[in-house]
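Every read-out reported here was derived from the displayed coordinates using simple, explicitly stated rules and does not represent laboratory data. Everything numeric in this text was worked out from a predicted model, so none of it was measured. Here the Cβ is made from the backbone with ideal geometry for all residues, glycine too, and neighbour counts use every protein chain on show.
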Amino acid sequence: MEPTEEIRSRLRDLCVSQKLAVVSTQSDGQPYASLVAFVASDDLRHIFFVTARTTRKFAYLTKDSRVAVLINSSTNEESDFHDAVSITVIGTAEEIRDPERKKVLALYLSKHPYLEDFARSPSCAVIKVTTKSYYLVRNFQNVMELHVD
Amino acid sequence: MHRIISPENIHQEDRQRVGGKGYALAQLVKGGFRVPKTVCVTSDAYREYVAQTGLRERILLELNRKSFSDMRWEEIWDCATRIRNIFLRKSIPSEIEKEFKEIITAQFKGKSVVVRSSAPDEDAASASFAGLHESYVNIKGVDKILDHIRKVWASLWSDAALLYRQEIGLDIKKSSMAVVIQEIVVGDKSGVAFSKSPNNDSQGIVESVYGLNQGLVDGAIEPDRWIMARENRSVVSHTPAKRKQWMIPDKSGVQLAVLPVEVAKRPPLNPREVIRVFNLALDAEGFFKSPQDLEWTFQQKDLYVLQSRPITTLSSQKEDDSRSWYLSLHRSFENLKALREKIENELIPGMIAAAEKLARVSLSELPDKQLAAEIDHRWEVNQKWTNIYWEEFIPFAHGIRLFGEIYNDRMRPEDPYEFVDLLTHTDMASLERNQLLEALAEMIRENQSLAKGLSAGQYAGLDPQFLEGLDRFVEKFGDLTCAVTGGTQCEQASDSLYKILLEMAAHPPINTGQRKLRKKDALKEKFLNAFEGEQKKQAVELLDLGRSSYQLRDDDNIYLGRIEAQLLAAVREARRRIDDFHAGRTRQKIADELIQVVENLDQRPRSQSPYKQQPGDGFVIQPRQLIGQPAGPGLAKGPARVIRKTADLSEFKFGEILICDAVDPNMTFVVPLAAAVVERRGGMLIHGAIIAREYGLPCVTGIPDATVLIENGDEITVDGYLGIVTIGSSDL
């Protein structure tokens, strides 16, 4: 079996190489998926993204903090079926405030410097997803799980 | 990686990387011409900078907020202002900075330089960017030079450059910029020379001024001009200039100074020097094998070439013509000062006098025919002043823009519109009007019976003091619910005015912040302290100009509104007579002329009818989040009040969000009731944004179809930080 460290390193690679993720929230049992620009902490315990406070996803995750996040390397090519790597993460989301917010923003902007105006806007919230489990999908249907203790 | 190259190392394949100016200078150096010491910062360095700092995507995000063709010039200016500010605030990454510093220090050893733009030929020779990008003269010290490299880079994204690229169809994604750094040669006399005249193939032209040639190139100083015969290299004619000023270096930069009288007596060039300059231009033509437009300077006996570019064919002359329009977007300080004098001393008093003169005519006493003539006359007066408004008042708004540019350059604020706070709280007429309204509302708050009488529509027994105040108000500010355009359709004012006053009285008075005032004082002090000596004096003058420009931006329409109110009064009188006749209240037949005049007015085009949702195949499209331009910071939520016609204004309720096509200055009286302002027309400096900023309200402008996509009562969230309007609650 692949050592845990190697799986973690694959997860990390994907989190570093990908800029966008899909975040799923829900309201009254109706799932709702949104595209966000994200950054993951090096230890994979957290995924961060920024959203305007006026969005549905913000309203939903405020009501119910349980979220799913999809990160994947597909490029809209046929080869994606054997080649693309995808991870689904489940966890809980919350808005973070200063001083943590400041630190996270620095990390976030080092990955997405073009989002400076957006991320620093007082009308935006910095969201921290504390990850519970990672589901790594490769070779079309090979799935490995990583649970965060 | 060659981020900076010396002329001797520039080869043909580097042409794109060093830009047209840089490449020509390299050629001149190799050809043995006397050129000041020069290095080129390549466009590779620019690309690295924008890639590493995230600026490349940030610029594209900014420019793709909406389709470029949907943007008004003001919005493009706003975009350019924001982009420029990002360049000013984003330092060069340390690795690049280190290399720049080493080379620049080694090459120029603390000497002053000129930092010039050198745009790569984006689309062969047909596009000329001369003058569209910035150049900076007399920059000293490596940090300052680095700073100005960024400013030159930023000028790639000025509104003028953006519009010009758009017009000639260049892909802005591919734009990049090289920079030429040249040791400054402080010439005693300088100028330009055309080896071949654009108007006459057998002639050439030499132009010269005292001092640096920056003044000539900017058009600030009139040069002496010699027409030359190409064949025998002799002078055909000499047109002397008035020779009043010259451009000389000062502590940092250059200044326009009075030319000493003794010097001004003689032309800058003697006959031998004229020939020498012309020979240089012909030599350059021989070297480049095409007619050249040369910039040169004399330092004592030494004649230097500063730059040389081809004089292209007639077709590029045409390009030059359209370029000049974009260049004219930048009005100089002197121009604006003259315009201000005219507006303040001549036009505004003229407008007030015109309105007063019309007000003196007793309309009810005029026979029908004369009333018809009076309407015609008032129509013309109104037209005349509307035209003056467009021609003189609108361009004066450049004063705000000029101030903003200087402010941002010096202060590099986080918020590129911080400078607006310094311009606000001047005595704007609309604020004065709103204060009068507030005073009337206060009377209603304090007097229960007044409120009751107004609500019940029993106007007869109202407090005479209140009625007097109301009359004074209407007399001064005209008919509140009439727009400046299309206003001949409007009704009697009083009902609407009562409604608004009752609404205002039902809520506590609105206080436009003391806090902001204090902040303004601190900002002003900080700004002025950033300058010294002569520059400080200029900064004070500039601030004053900016304030006047900002204030006028709001007031001009109010004054125009007074004139229009007089037109409306005459139209109302005519309508009353016609109605009375139809209702049988009078037997007197109405003169045909009067009926005709009124009918003609009715035929004027009216505003578009509101959009109706199109049904289609079981799918319904609903807008959710609309993106415009951030124009007043803040976040607010409330029901929408969509203003499609002026009468809608009287329905305005406290806490609603004002949604309109364009906030007319004559409508800003409902703004104190509003929770936020949303406007179709885009820009930071439009009336809606200005008045929203005064009241500290979130404001988003430039939402296409705002009044079509949003319905009365829709729940709206306005994000004035990001320029986003969200429609509906957060439910699915």
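All C-alpha pair distances within region B:387-469, sorted into 5 Å bins from zero, spread as 3, 11, 14, 12, 11, 9, 8, 8, 11, 8, 4, 1, 0 percent across the bins. Rounded to the nearest whole Hz, the Karplus-based 3J(HN,Hα) values (6.51 cos²θ - 1.76 cosθ + 1.60, θ = phi - 60°) of region A:140-148 follow the sequence 6, 9, 7, 10, 10, 10, 10, 9, 8, with x at glycine and proline.
Kirkwood Rh over Cα pairs of region A:90-149 into Stokes-Einstein at 4 °C, 1.567 mPa s: D in µm²/s? Estimated diffusion coefficient is 95 µm²/s.
Tell me, what is the percent relative contact order of region B:1-57, built from C-alpha pairs under 8 Å that lie six or more residues apart?
Numbers: 56 pairs, mean separation 24.7, N = 57.
Once normalised by length, the contact order is 43 percent.
Roughly what % of Cα-Cα distances in chain A sit above 29 Å, to the whole percent?
Values: 1754 of 11026 pairs.
Above the 29 Å cut-off, chain A has 16 percent of its Cα pairs.
Hydrophobic long helices, here whole DSSP H runs in chain A with Kyte-Doolittle means of at least -1.0 and Cα atoms spread over 27 Å or more along the helix axis, are not found.
In chain B, what percentage of the DSSP-assigned beta bridges are antiparallel, given to the nearest 5?
Working: 66 of 79 bridges.
The antiparallel proportion sits near 85 percent.
Between B:Asp250 and B:Glu593, the simple spin-label model (points 7 angstrom out along Cα→Cβ) gives 6.1 nm. In this rough spin-label picture, where each label sits 7 Å from Cα along the Cβ direction, the B:Gln299-B:Ala456 distance is 9.0 nm.
When each of the peptides B:446-458, B:13-25 is scored by how many other beta carbons lie within 10 Å of its residues on average, the order from highest to lowest is B:13-25, B:446-458.
From the Kirkwood radius over Cα pairs of chain B, Stokes-Einstein at 37 °C and 0.692 mPa s returns a whole-number translational diffusion coefficient of 112 µm²/s.
Given R₀ = 60 Å, what would the calculated FRET efficiency be for B:Glu99 paired with B:Leu502, taking r from the Cβ atoms and rounding to 0.05? All intermediate terms of the calculation are to be shown ahead of the outcome.
Values: r = 69 Å, r/R0 = 1.15.
Once rounded, the FRET efficiency stands at 0.30.
Our coupling estimate for region A:83-99, obtained by passing each phi through the Karplus curve with A = 6.51, B = -1.76, C = 1.60 and θ = phi - 60°, is 9, 5, 10, 9, 10, 10, 10, 10, x, 10, 10, 8, 7, 10, 10, 4, x Hz, Gly and Pro reported as x. Computing FRET efficiency as 1/(1 + (r/R0)^6) for A:Phe140 and A:Lys102, where r is the C-beta to C-beta distance and R0 is 41 Å, gives about 0.45.
Enclosing the Cα atoms of region B:140-258 in their convex hull gives a volume equal to 161 cubic angstrom per residue.
Computed from label points 7 Å out along Cα-Cβ, the spacing between A:Asp149 and B:Asp409 is 6.3 nm.
With each run of n ≥ 4 DSSP H residues scored as -39500 (n - 2.57), what mean residue ellipticity at 222 nm is computed for chain B after dividing by its residue count and rounding to the nearest 500 deg cm²/dmol? Could you put the intermediate results ahead of the total?
Working: 25 runs with 335 residues, N = 732.
Calculated at 222 nm, the ellipticity per residue is -14500 deg cm²/dmol.
The average projected area of region B:245-301, computed from the convex hull of its Cα atoms over all directions, is 5.5 nm².
For B:Lys301, the aspartates and glutamates whose Cα falls under 12 Å of its own Cα, not counting residues fewer than eight places away in the same chain, are B:Asp188, B:Glu273. A straight Cα-to-Cα reach below 14 Å connects A:Lys63 with the aspartates and glutamates A:Asp28, A:Glu94, A:Glu95, B:Asp731, residues fewer than 8 places away in its own chain not being considered.
Structure note, pairs A:Lys128/B:Lys98; B:Lys452/B:Lys520; B:Lys476/B:Lys645; B:Lys109/B:Lys242; B:Lys37/B:Lys98; B:Lys111/B:Lys189: Cα-Cα distances above 30 angstrom occur for A:Lys128/B:Lys98; B:Lys452/B:Lys520; B:Lys109/B:Lys242. Among the trypsin sites (Lys or Arg not before Pro) found in region B:177-230, not one is both in a DSSP coil and sparsely packed, with 13 or fewer other Cβ atoms within 10 Å of its Cβ. Legend: mean number of C-beta atoms from other chains within 10 angstrom of residue C-beta atoms, peptide A:106-115, equals 3.
Debye-formula intensities of region B:61-102, expressed as log10 I(q)/I(0) at q = 0.18, 0.32 Å⁻¹, are -0.61, -1.05 (one equal scatterer per alpha-carbon, no solvent). With q set to 0.14, 0.19, 0.22 Å⁻¹, the log10 of I(q)/I(0) for region B:1-109, from the Debye formula over equal scatterers at the Cα positions, is -0.73, -1.00, -1.12. DSSP beta bridges confined to region B:614-732 are antiparallel in about 60 percent of cases.
Distances between placed amide hydrogens fall under 5 Å for B:Glu656 paired with B:Ala675, all partners being 5 or more residues away or on another chain. List the lysines whose alpha-carbon lies under 20 Å from that of B:Lys589, not counting same-chain residues fewer than 8 positions away? Result set, ordered by chain and number: B:Lys369. Inter-chain neighbour count for A:44-57: the average number of beta-carbon atoms from partner chains within 10 Å of each residue's beta-carbon is 3.
Dipole magnitude for region B:1-44: computed about the Cα centre from +1 point charges on Lys and Arg Cβ and -1 point charges on Asp and Glu Cβ, it is near 180 debye.
When all alpha carbon pairs of region A:1-72 are counted in 10 Å bins from zero, the resulting P(r) reads 18, 46, 27, 9, 1 %.
A viscosity of 1.002 mPa s and a temperature of 20 °C, combined with the Kirkwood radius over C-alpha pairs in the Stokes-Einstein formula, give the protein assembly as shown a diffusion coefficient of 68 µm²/s.
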